[in-house]
């Protein structure tokens with residue numbers, strides 16, 4: 001059996017495969033898709049929402065929670081001013097909340 005050197009087509013195919021695979025390696029060396037800060041913001045917003053849900057005097061379904069750099073933004077609607085204030089004070093007590101921007105409106 002005679003072993004032939006790879007033909008030009010085979011070499012081109014190998015080079016294309018190699019370049020494709022080397023491009024895939026870059027996917028694992030860059031930053032994660034969701035940065036740590038964004039993950040922390042999501043976690044904080046979820047913790048605040050959970051506390052609002054636990055608060056029986058509030059209808060948390062109508063309250064939207066966002067977090068950015070330990071600042072929590074509350075929006076949505078409640079029935080009374082006391083519920084609006086309660087939502088803000090409950091949020092302030094959640095660990096890692098530095099500031100609350102209470103944009104909740106009273107119906």
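Observations
- Of the beta bridges in region 36-106, as assigned by DSSP with both residues counted there, near 50 percent are antiparallel.
- Here, region 36-106 has an Rg and a Dmax of 11.1, 37 Å when only alpha carbons are counted.
Here, each number is a calculation from the coordinates, and none is a lab measurement. Computed from a predicted structure; not experimentally measured.
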